Amino acid sequence: MAPSPEPELARVAYYLMAAKMYSLASCVMLFYDIVLTFDREIDSIWLKPKTGISPPLGYIVIIVSFHHPWSPDVCNRYILFPEALKVVTAFVIGVIFLMRLYALYGGNRAIMALGATLLLAEIVIKIWAFTDGVALELPKELVGCILIGKNHTRFAFTWIAELGFDTAMFALTLGRTIMYYRHQRNKKLTLLNLIVRDGVIYFAIIFAANFVTVFMVFVSFRPFAMAPDDDRPFNQLAPEDIKVINASFSTLYVNNNEFNDFKAGP
């Protein structure tokens, strides 16, 4: 990209730095949550016979991409990675919710089929939405390999899909829980207590993050435009709610494993 006039370059640099700091702060929150549950995570996850690759490794790559002067070829090969990681994470979280929902409804296959259909719809919509993404074109004086959408309305559907699925899961969980709550409330630790606690907290955090992101996308702020006729919104630059999701997911997944161990006994 051709060099920008100094006032324009300063404005772009300011908002770019804000986006990078937002992303970095989100990543710090993720690792802080991991530290809080790390001792429990070792016992309930890492010491198990089978375990997956740690998602935080992927976030380190994302942070590096924001600050390292990658070549255009490297950036273009990598650019869809953040959203691809987000899809994988959303799928894993969705499966955990479906398992809980299946148990909560006493093994009802119709509920399981409904939930699986909603999860599949979410994943398909998210893939459709983020494959529209391209690398943000920055002045040569600035660095960063950052994903934005060619069409910000289409790109927003990655969060709209999450809102739809999470709302449906929360409604199904809450509806069933209300029916049983008075019978379970005197017990020290029950599956319903765990479902309600984790479900409400997770939903509140993720709903807020996704709702704000979608709102900002549709409001279409213009402070990061590269040119007066460029209507790409700044808010597309740093919707790093993937880290918010996984900060909640870390606790959610550890709690799920601990409860399974508790039920299995020594």
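One table, with the values for the structure above:
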item: Local electrostatic count, residue 79, Cβ distance below 13 Å [Lys/Arg +1, Asp/Glu -1]; result: -2
item: Compactness relative to 2.2 N^0.38 Å, alpha carbon Rg of region 88-153; result: 1.67
item: Charge context of residue 127, other residues only, Cβ under 14 angstrom, K/R +1, D/E -1; result: -1
item: FRET efficiency estimate (nearest 0.05) - Cβ-Cβ, residue 179 to residue 60, R0 41 angstrom; result: 0.40
item: Mean separation of Cα contacts under 8 Å, 6 or more apart, over the residue count of region 59-139: relative contact order %; result: 41 percent
item: 3J(HN,Hα) from dihedral phi, region 71-86, Karplus parametrisation 6.51/-1.76/1.60, rounded to Hz, x for glycine, proline; result: 6, x, 5, 5, 4, 5, 6, 8, 3, 8, 4, x, 6, 5, 5, 5
item: Label-zone membership for region 143-179, site residue 84, 7 angstrom Cα→C-beta point, backbone N under 15 Å; result: 147
item: Per-residue Cβ neighbour rank within 10 angstrom, fewest leading, 68, 152; result: 68, 152
item: Rg/Rg_globular for region 69-182, with Rg_globular taken as 2.2 N^0.38 Å and Rg from C-alpha atoms; result: 1.39
item: 5 Å binning of all Cα-Cα separations within region 54-105, expressed as whole percents from 0 upward; result: 4, 17, 21, 17, 13, 9, 7, 6, 4, 2, 0
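Coordinate-derived values only; no laboratory data. Please read these numbers as outputs of a predicted model, since none were measured by experiment. Note that each Cβ is placed from the backbone with ideal geometry, even for glycine, and that neighbours are counted across all protein chains shown.
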